[in-house]
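*Asks:* This is the structure I want to talk about, given as structure tokens.
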Amino acid sequence: MNEQLQQFLSGRIWLREHTPFPREVIDAHIDSGHIHLKPGITTSTEPNLFWQSKKNVCNRCHNTNQSYFHSFNCARCNQICTYCRHCIRMGRVSSCSELLLWDKQHARGANAHVFAWNGKLTPLQQKASEELLSSVERNESHLIHAVCGAGKTELLFPAIFASLQAGKRVCVAAPRTDVILELFPRFQKVFPNTTIHALYGGAPDQHGFAELVLATTHQLYRFERAFDVVFVDEADAFPYYADETLQQAVTKAANPDAAIHYVTATPTKSLKTTNQSVLTRRYHGHNLPVPRFDSLWGYTRKLKKGKIPPKLEAWINKKVEMKTPFLIFLPTIEMLENFPSDLPRVHAEHPYRKELVMQLREKKIPGLLTTTILERGITIENVHVAVVGAEQPIFTSSALIQISGRVGRSVQYPEGDIVFFHHGISREMDKAQDAIEGWNRA
Amino acid sequence: MKCLICGAPYKSPPTWSKLFLYELDSSTCIRCFGKFEKSQSVIDFADFRGTPFDGAVDSVFSLYSYNEAMKEYLHQYKFLQDVALATVFAGKLQQAFQSKEGIVVPIPMHPDKLVLRTFAQVDELLNAAQTSYQHVLSKITTEAQGKKTKKERLKTTNLFEEIQTIQPTNYILFDDIYTTGATIHHAAKILKDAGAKRVEAITLIKG
Ligand SMILES: [Zn+2]
Ligand SMILES: [Zn+2]
Ligand SMILES: [Zn+2]
């Protein structure tokens with residue numbers, strides 16, 4: 001048996017064309033029963049009353065939404081072949097593709113784990129951290145409901161360390177690449193002897209068997225029955241919440257008896273766990289900045305004419321003058337692209353998102369225009385925030401809570417301006433404001 | 001309908017040309033389609049003057065320029081093998097071919113390459129555009145064009161051979177992208193030498 005192949009395939013479901021191993025090695029392990037082959041797509045015919053309908057399932061991402069399947073005349077299998085467009089960015093899976101699964105004993109890590117963290121938890125963090133640890137030890141699902149800036153990551157450390165020491169394979173999943181990129185160096189410092197892989201779209205190849213995997217939820221499509229413990233960070237973030245298959249991906253990547261734990265500031269109603277802890281205070285103990293509402297009547301029309309509404313322009317000018325870094329959240333990509341100003345702007349498809357956020361942090365640029373893509377996961381010292389068109393449906397209460405959570409995160413600057421510019425106050429705006437005031441009172 | 005590129009739901013607005021000319025429906029939303037830029041460049045054949053390929057091609061028309069959006073499109077269509085994207089330009093390609101007369105000949109792929117890619121990307125664009133074509137040529141070398149210098153590309157003897165009798169009539173070559181023009185010139189020369197009257201070319205992109 002090839003040990004490297006075992007380490008690579010343990011817990012994975014992998015497209016044959018994409019394995020970094022020679023064909024003969026793979027073939028030998030198929031013959032010896034170490035590797036199980038699955039077709040990329042399973043198609044079944046369901047007899048209806050009047051016609052027969054075909055139902056496809058993608059065996060990698062488990063997508064069953066038929067609008068994501070496309071059939072064509074395939075020159076490889078010389079048949080009508082169907083492929084899944086839902087997970088195509090990870091390499092196309094079609095009817096004639098083969099998926100590899102490791103069918104024997106999984107690889108095990110051999111590292112002696114070390115816990116190298118000497119930070120201090122606040123009493124509130126400590127309590128939540130202990131509650132989580134005991135849930136993890138009893139293998140019961142746990143929800144950490146913590147305000148933005150409560151210091152969620154560090155309170156996972158003890159539970160992760162205990163799991164690693166018990167010989168378990170651990171996964172920390174977050175919906176966005178930005179979050180994984182921020183977590184990776186922190187985890188490497190805290191667990192210096194552990195093999196950690198960070199997986200996201202465009203990540204470099206990483207070798208060996210990772211006892212701890214940090215991955216975007218998308219990357220979990222490529223795992224099956226891999227993890228003994230899973231922590232899902234920012235569990236409600238788009239697109240995780242919006243996409244049912246992503247939730248299935250988390251369940252599929254975990255062992256059937258593994259508990260899945262969630263960490264979020266804005267849990268959705270559908271999130272059900274056995275236990276939970278609530279953290280209503282930021283780690284620095286200061287109140288959360290409460291958003292204020294300010295009317296910006298007819299802003300759409302004015303912006304379309306190429307004019308920044310005076311109130312908003314005054315707000316921007318003041319921040320520039322005071323040298324306070326700022327973020328302006330806009331409801332649509334169109335509005336972002338056509339905003340009449342030289343301010344740099346970022347959206348989901350923007351290639352230099354990371355670099356621009358860095359430049360804002362280093363005060364090389366005064367501010368940034370953004371879509372909801374920057375609503376979570378980023379920390380910029382002393383940043384002030386405006387939401388333009390806060391009444392628009394894309395700004396749900398949880399999005400608005402996350403956006404407000406960007407402000408006042410550091411001890412040096414625990415306060416800051418968060419303003420919702422609007423054309424009429426929405427229920428979601430009220431809900432967000434109420435929730436934040438409620439936490440401050442708790 | 002869901003946009004094939006961004007996945008957002010959209011309605012394609014009814015237009016006069018759709019009602020009367022049976023224009024094919026677009027499979028993308030207006031925002032995504034708007035990112036493709038019409039090609040403005042005039043293609044001249046200066047590079048081929050004085051070579052054996054001089055006069056092989058009578059005209060070339062490219063629909064779009066090779067901008068960011070097109071790069072992304074081609075990546076997803078060819079390298080991620082998202083065949084569904086063949087329909088994105090169906091309407092525009094159909095129009096382009098309707099304005100010309102002649103036998104449409106797609107630039108062929110080498111059979112080995114075809115099995116690897118699983119589909120012929122040039123043929124699929126024509127299928128989507130409901131434009132009929134004939135396989136008149138076949139590819140006889142697998143060497144990738146992109147890896148060669150311009151000089152080398154011109155020197156290579158016979159990239160293609162004819163597999164059908166060529167008529168003394170008009171031919172329209174079709175390829176996905178026109179970069180140096182070597183591919184189109186090689187194909188056109190074969191057709192001309194075998195007796196074709198006129199050889200025009202249409203490409204989706206001007207690289
Ligand atoms: Zn899939
Ligand atoms: Zn096939
Ligand atoms: Zn679109």
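Nothing in this text is a laboratory measurement; each read-out follows from the coordinates by a stated rule. Remember, it's a predicted structure, so these values are computed and weren't measured experimentally. Because the Cβ atoms are built from the backbone with ideal geometry, glycine has one as well, and the counts that use them run over all protein chains shown.
*Asks:* Starting from 0 in steps of 5 Å, tell me what percent of the Cα-Cα pairs of the stretch A:3-102 lands in each bin.
*Replies:* 2, 12, 21, 21, 17, 13, 8, 3, 2, 1, 0
*Asks:* Relative contact order for chain A using alpha-carbon pairs under 8 Å, separation at least 6, rounded to a whole percent?
*Replies:* For chain A, the relative contact order is 14 percent.
*Asks:* Return the single residue from A:His218, A:His350, A:His113 with maximal mean-square fluctuation; model: Gaussian network over chain A, springs between Cα atoms under 10 Å.
*Replies:* Taking springs between Cα atoms under 10 Å, the residue moving most is A:His350.
*Asks:* Here's a follow-up. Return the Rg/Rh ratio of the stretch A:145-212 with Cα-based radii and a Kirkwood Rh. Mind dumping the intermediate values first?
*Replies:* Numbers: Rg = 12.4 Å, Rh = 13.0 Å.
Taking Rh as the inverse mean 1/r over Cα pairs, Rg/Rh reads 0.95.
*Asks:* Based on other C-beta atoms within 10 Å, arrange A:Ser71, A:Ser398, A:Ser270 from fewest to most.
*Replies:* A:Ser270, A:Ser71, A:Ser398
*Asks:* Tell me, what ³J(HN,Hα) does each residue in the stretch A:188-197 have, in order and in whole Hz, if you take phi through Karplus 6.51 cos²θ - 1.76 cosθ + 1.60 with θ = phi - 60° and put x for Gly and Pro?
*Replies:* 4, 6, 6, 10, x, 9, 8, 7, 10, 10
*Asks:* Considering the zone a paramagnetic label at A:Phe293 would reach in this model (a point 7 Å from Cα along the Cα-to-Cβ line), which residues of the stretch A:414-442 have amide N under 17 Å from it?
*Replies:* Under cut-off, by backbone N: A:418-438.
*Asks:* Given the -39500 (n - 2.57) contribution per DSSP H run of 4+ residues, what per-residue ellipticity at 222 nm results for the protein assembly as shown, rounded to the nearest 500 deg cm²/dmol? Could the numbers behind the result be given before it?
*Replies:* Details: 20 runs with 185 residues, N = 649.
Counting only the DSSP helices, I get -8000 deg cm²/dmol.
*Asks:* Cα-Cα over 22 Å: which of B:Lys11/B:Lys92; A:Lys55/A:Lys252; A:Lys305/B:Lys92; B:Lys78/B:Lys139; B:Lys139/B:Lys189?
*Replies:* Pairs exceeding the cut-off: A:Lys305/B:Lys92.
*Asks:* Sticking with this structure for a sec: If amide H atoms are built 1.01 Å from N in the plane of the peptide, which residues on other chains or at least 5 residues away come under 5 Å of the amide H of A:Phe227?
*Replies:* A:Ala254, A:Asn255
*Asks:* Specify which residue in the list B:Leu85, B:Leu114, B:Asn158 is farthest towards the positive end of the charge dipole of chain B, using unit charges on the beta carbon of Lys, Arg (+1) and Asp, Glu (-1), about the Cα centre.
*Replies:* Looking along the dipole axis, the top candidate is B:Leu85.
*Asks:* Per residue Cα convex hull volume for chain B, in cubic angstrom?
*Replies:* 122 Å³
*Asks:* Mean-square fluctuation check for chain B, GNM, Cα pairs under 10 Å: which of B:Thr118, B:Thr183, B:Thr141 is largest?
*Replies:* B:Thr118
*Asks:* Please list the non-local residues whose amide H lies under 5 Å from the amide H of A:Ser97, H modeled 1.01 Å from N, same-chain partners needing a gap of 5 or more.
*Replies:* Distant-sequence amide H within range of A:Ser97: A:Gly40, A:Ile41.
*Asks:* State, in angstrom, two size descriptors of the stretch A:292-441 derived from its alpha carbons: Rg to one decimal place and Dmax to the nearest whole number.
*Replies:* Considering the stretch A:292-441 through its Cα atoms, Rg and Dmax are 14.4, 43 Å.
*Asks:* Once each part is reduced to its C-alpha centroid, what is the distance from the stretch A:106-121 to the stretch B:46-90 in angstrom?
*Replies:* Taking the Cα centre of the stretch B:46-90 as reference, the centre of the stretch A:106-121 is 53 Å away.
*Asks:* With angles folded into 0 to 90 degrees, how steeply does helix B:182-193 sit against the dominant principal axis of chain B? Use alpha carbons for both and round to 10.
*Replies:* Tilt relative to chain B: about 60 degrees.
*Asks:* Using the 4.7 Å Cβ rule, please list in number order the cysteines from chain A without any candidate partner.
*Replies:* If one checks each Cβ against the other cysteines of chain A, A:Cys148, A:Cys171 turn up with nothing under 4.7 Å.
*Asks:* Continuing with this model, one more query. In whole Hz and in residue order, list the ³J(HN,Hα) couplings for the stretch B:166-171 that follow from phi through the Karplus curve 6.51 cos²θ - 1.76 cosθ + 1.60, θ = phi - 60°; x for Gly and Pro.
*Replies:* After applying 6.51 cos²θ - 1.76 cosθ + 1.60, I find 8, 8, x, 9, 8, 10 Hz.
*Asks:* Turning to a different aspect of this structure: If you place +1 on the Cβ of every Lys and Arg, -1 on the Cβ of every Asp and Glu, and leave all else neutral, what size is the dipole of the stretch A:123-279 about its Cα centre, to the nearest 20 Debye?
*Replies:* With only Lys, Arg, Asp and Glu charged at Cβ, the dipole is about 80 debye.
*Asks:* Can you list residues whose amide H is under 5 Å from A:Val346's amide H, if they're 5+ apart or on another chain and H is modeled 1.01 Å from N?
*Replies:* A:Leu369, A:Thr370, A:Thr371
*Asks:* Calculate how large, on average over all directions, the projected area of the Cα convex hull of the stretch A:123-279 is; give the answer in nm² to one decimal.
*Replies:* 8.5 nm²
*Asks:* If contacts are Cα pairs under 8 angstrom and at least 6 residues apart, what is the relative contact order of the stretch A:262-357 in percent?
*Replies:* Result for the stretch A:262-357 is 18 percent.
*Asks:* Mind pulling up the Rg/Rh value for the protein assembly as shown? Radius of gyration and Kirkwood radius, both on Cα.
*Replies:* Expressed as Rg/Rh, it is 1.02.
*Asks:* Let me ask you something else. For A:Glu381 paired with B:Ser138, estimate the spin-label separation in nm (one decimal), with each label point 7 Å from Cα along the Cα-to-Cβ line.
*Replies:* A separation of 7.0 nm, rounded to one decimal place.
*Asks:* Here's something else I'd like to know. For the stretch B:37-206, with only Lys/Arg (+1) and Asp/Glu (-1) charged at the beta-carbon, what is the dipole magnitude about the Cα centre, in debye rounded to 20?
*Replies:* 320 debye
*Asks:* Shielding by partners for A:173-183, please: the mean number of other protein chain Cβ atoms within 10 Å of each residue's Cβ.
*Replies:* Mean number of neighbouring Cβ atoms from other chains: 0.
*Asks:* Picking from B:Ile30, B:Ile107, B:Ile172, which is most flexible by a Gaussian network model of chain B using Cα springs under 10 Å?
*Replies:* B:Ile30
*Asks:* Ok, one more. Between 0 and 90 degrees, rounded to the nearest ten: what's the tilt of helix A:244-253 against the longest Cα principal axis of chain A?
*Replies:* Compared with the principal axis, the helix lies near 50 degrees.
*Asks:* If we count other beta carbons within 10 Å of each Cβ, what is the order of A:Trp117, A:Trp315, A:Trp51, fewest first?
*Replies:* Neighbour counts put them in this order, fewest first: A:Trp51, A:Trp117, A:Trp315.
*Asks:* Tell me which of A:Tyr283, A:Thr251, A:Trp315 sits at the most positive position along the dipole axis of the stretch A:234-360, charges placed on C-beta atoms (Lys, Arg +1; Asp, Glu -1).
*Replies:* Result: A:Trp315.
*Asks:* Tell me, A:Glu224, A:Glu24 in order of fewest to most beta-carbon neighbours within 10 Å?
*Replies:* Ascending Cβ contact count within 10 Å gives the list A:Glu24, A:Glu224.
*Asks:* Follow-up question, since we're still on this one. Let me know the charge dipole size of chain A about its Cα centre in debye, to the nearest 20, where only the beta-carbon of Lys, Arg (+1) and Asp, Glu (-1) is charged.
*Replies:* 720 debye
*Asks:* Using each residue's phi in the stretch A:388-400, evaluate 6.51 cos²θ - 1.76 cosθ + 1.60 at θ = phi - 60° and report the 3J(HN,Hα) Karplus result to the nearest Hz, with x for Gly and Pro.
*Replies:* 9, x, 4, 7, 6, x, 5, 8, 6, 4, 5, 4, 5
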